[in-house]
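Report on the structure given below.
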Amino acid sequence: HEYTSSATPPMGLIPVVAHAPELHEEGPTRIEPFDLSTDLKVPYVATSPNLLAAFIRVLTGESITSKALATSQAFYVIRGTGSSESEFGVTNWSEGDLFVLPTTQLPITHTATGGDKGGAALYWVSDEPLMRYLGTLPEEQKFEPTMWTKAALLDRVEEIRHTPGATELNRCGVLLGNTACPQTKTLTHVLWSLLNSLAPHSVQRPHRHNSVALDLAVHALPNVYTLMSPSLDAEGNLLNPVRVDWVEGGVFVTPPGWWHSHHNESDQMAWVLPMQDAGLYTYQRTLDIRFVDEEVRNAKGGRIWGSSFALKRKERLESYKDVRANSPDVHTKTPKLQQQDTTETA
């Protein structure tokens, strides 16, 4: 292939689309995968190139089994109470809890003991499409089964909300970090999740990242929504944005690299739980998360950074100097950097 015409090949687009809550609120016990394989042009069930999301509906007193060819599986309890039995034992859960399991050899049995709308509902995300794409089998268990209870998550969010400077943060939420992932601070080595709160009559300014987000609207009244666009104008406004309303219990896709802002025009706090493959991207140093205000400042200052990897600018410069000092045959010119550009907000 000729390089310039093939460096960015045409591929199946990741659409902005939603998975309706009615799929887990009505009908018999079943699993409803969020299948976008036709859009992605892959021969296996997938929601994004690396992840598969699904709803699991279980009527009270009934059970259903799930199985995934995956290194990581996450389960968030949308509604109800019950348990999930795997080769690691029995995990009891209730609404608002989240737990993760490593690769499993045997099916997982989910049983509902109660819940509104006839039973319980789980939001299930795994990295099975990544395994299918690579044509490989997960062998090593990379982390231990881990549970985050609703009470623990809400307590941590409240603690963050009252820390000095919290009102200046772009987000007010808690990253779910696994002790097995001390570098990436993520849910698993592949999965990433954040319980994010959005105050009444507020806006969370745009940001973007290279990972795909599969966002579950945990709680939202009408007039809570996300605006998305692949580009910004010179002032940091989204160009021709797509609006996606948060429908409580529903999931929507945020494509990779798209700028997006969250808006709450209601009188109540809104909550969203995005699931991403950002554990993998963070480890590869390719997540490239950017926030609009810093991006606009850089652009107006005549700066375009190739990556937002979280290193201080001074450390980057010193690293570059070290490479040159140890590589006498390097003939490239040292870039001129102004003194005030030696720090960076992570």
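The values are calculated or read from the model by the stated rules, or taken from the named source; none is laboratory data. Quick caveat, the model's predicted, so the values are computed rather than measured. Here the Cβ positions follow ideal geometry from the backbone for every residue, glycine too, while neighbour counts run over all protein chains shown. Accessible surface is based on the protein model in full, side chains and every heavy atom, while ligands, DNA and RNA are left aside. Shrake-Rupley method; radii C 1.70, N 1.55, O 1.52, S 1.80 Å.
A Förster radius of 41 Å combined with the Cβ-Cβ distance from S266 to E2 puts the calculated FRET efficiency at roughly 0.20. Per-residue 3J(HN,Hα) values for the stretch 177-187, derived from phi via the Karplus relation 6.51 cos²θ - 1.76 cosθ + 1.60 with θ = phi - 60°, read x, 9, 4, 7, 10, x, 7, 7, 6, 10, 4 Hz in sequence order (x marks Gly and Pro). Packing here is the average count of other Cβ atoms within 10 Å per residue, and on that basis the peptides 212-218, 71-77, highest first, run 71-77, 212-218.
Ranking E158, E25, E235 from most to least accessible surface, computed with a 1.4 Å probe over the protein chains only, gives E235, E158, E25. In this rough spin-label picture, where each label sits 7 Å from Cα along the Cβ direction, the F88-N240 distance is 4.5 nm. Based on Cα contacts under 8 Å between residues 6+ apart, the stretch 70-115 shows a relative contact order of 49 percent.
With K and R counted +1 and D and E -1, the other residues having a Cβ less than 13 Å from that of R57 yield a net charge of -3. Between S63 and K150, the distance separating the two model label sites (each 7 Å from Cα on the Cα→Cβ line) works out to 2.4 nm. Protection proxy ranking of 147-154, 188-195, 1-8, by the mean of other Cβ atoms within 10 Å over each peptide's residues and highest first, is 188-195, 147-154, 1-8. Within the stretch 50-152, the GluC sites (Glu not before Pro) that combine a DSSP coil assignment with at most 13 other C-beta atoms in a 10 angstrom radius are E87, E139, E140. A Förster radius of 30 Å combined with the Cβ-Cβ distance from N298 to V17 puts the calculated FRET efficiency at roughly 0.40.
The order of I78, I304 by accessible area, most exposed first and with a 1.4 Å probe, is I304, I78.
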